[in-house]
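The values are calculated or read from the model by the stated rules, or taken from the named source; none is laboratory data. Note that the structure is a prediction, hence the values are computed from the model and not measured. Cβ placement follows ideal geometry from the backbone for every residue including glycine, while neighbour counts extend to all protein chains displayed.
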Amino acid sequence: MPELKLFAFDLDGTLYSGEAAVSGAIKLVEGLRKGYKIAFFTNNSWKTAAEVLEKLSRLGFECRREEVYAASSASVRYLKEAGLDNLFVIGSPALRAEVREAGLRLLDDGFADNLVVALDYGFGYDKIAAALSILTRGGKFVACNEDPSFPAGAGKTLPGCGAMVAAVAAASRRRPDFIVGKPHGYMLSAIARDYGVEHGEIVVVGDSYESDIRMALDHGSKAVLVGRGDGAAGEGVLAVRELSEIQKRMGDLT
Ligand SMILES: [Mg+2]
């Protein structure tokens, strides 16, 4: 059994909910810092990692920019690594700015070579048409995530990045060539590389079995599913009702 070295926390529904930190979350992260490395990850494709860091800080979490992994900023990193440039980006102004700051070229029409799809509140027919043109000419199709929807507070649910990916996929009859967000492993592998730890030394803490826990199990990491009672989660997963139970039950993980 490898030693556990790093805790990677999902954000929405795990460490915070809307504009409030989950009870005990700040204390838990501070406590774990004494013995472990800490990383934060989110499938958020609208906000960049810098914006997510700003929220974490505002809610009272002590963290640094290098500890925050967002599907948005992780996509920019992937584009650089994969050598994909001349991009049409369906996404937020902040994501587009980050792509530009990374030294990549943005082309705002169907003449771009490659396509990136993130959450875009200004999504519409013209963007699907531009995307279709790129994919028809053989451009690469990079998706930030395939989350169909997300909770928007007050019991409201809004269409997610996956709804935009699905529209483009339907028009082009193509699946994304690469999906950055969870349950795929790109962010988890980036964390492992950046911190110099093995996947088996990482504990992923999240509130979604299909997303967070799936990512951990598919890539050889440990997992803690928060919000459910004991025994509901299956093999290789510690299920806890409250974050505060994690430290007491660390032994069950190894
Ligand atoms: Mg979550």
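Residue-by-condition table, conditions (1) within 16 Å of the ligand (Cβ to nearest atom); (2) without any contact (Cβ under 8 Å) to a residue 40 or more places away in the chain:
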{"position": "PRO183", "(1), (2)": "yes, yes"}
{"position": "ASP212", "(1), (2)": "yes, no"}
{"position": "GLY220", "(1), (2)": "no, yes"}
{"position": "GLY227", "(1), (2)": "yes, no"}
Inset, instruction - Look at ALA94 and say whether it is free of Cβ contacts under 8 Å to residues at least 24 places away in the same chain and within 24 Å of ASP12 (Cα to Cα). - result: no
Legend entry - When residues of the stretch 115-151 are limited to those that are aliphatic (A, V, I, L, M) and more than 17 Å from the chain's Cα centre (by Cα), the one surrounded by the fewest Cβ atoms within 10 Å (Cβ to Cβ): ALA129
Legend entry - Among residues of the stretch 202-218, those that are touching a helix residue (DSSP H, G or I) at 6+ places or on another chain (Cβ under 8 Å) and surrounded by fewer than 18 Cβ atoms within 10 Å (Cβ to Cβ), counted: 0
Legend entry - Flag for ASP109 being at negative phi and more than 18 Å from the chain's Cα centre (by Cα): yes
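So that you can scan it fast, the table gives a plain yes or no per residue for (1) at pLDDT 95 or above; (2) within 29 Å of ILE213 (Cα to Cα); (3) within 16 Å of the ligand (Cβ to nearest atom); (4) not in a helix (DSSP H, G or I):
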{"position": "SER73", "(1), (2), (3), (4)": "yes, yes, no, no"}
{"position": "ASP85", "(1), (2), (3), (4)": "yes, no, no, yes"}
{"position": "ALA112", "(1), (2), (3), (4)": "yes, no, no, yes"}
{"position": "LEU119", "(1), (2), (3), (4)": "yes, yes, yes, yes"}
Legend entry - Unique residue being more than 16 Å from the ligand (Cβ to nearest atom), crowded, with 16+ Cβ neighbours inside 10 Å and not charged (D, E, K, R) when the list is LEU15, LEU32: LEU32
Legend entry - Selection count where residues are among the hydrophobic types (A, V, I, L, M, F, W, C) and part of a helix (DSSP H, G or I), scope the stretch 173-230: 9
Inset, instruction - Please tell me if ALA8 is within 16 Å of the ligand (Cβ to nearest atom) and more than 19 Å from LYS248 (Cα to Cα). - result: no
Inset, instruction - Name the one entry in PHE7, PHE61 that is assigned to a strand (DSSP E or B) and in contact (Cβ under 8 Å) with a residue 40 or more places away in the chain. - result: PHE7
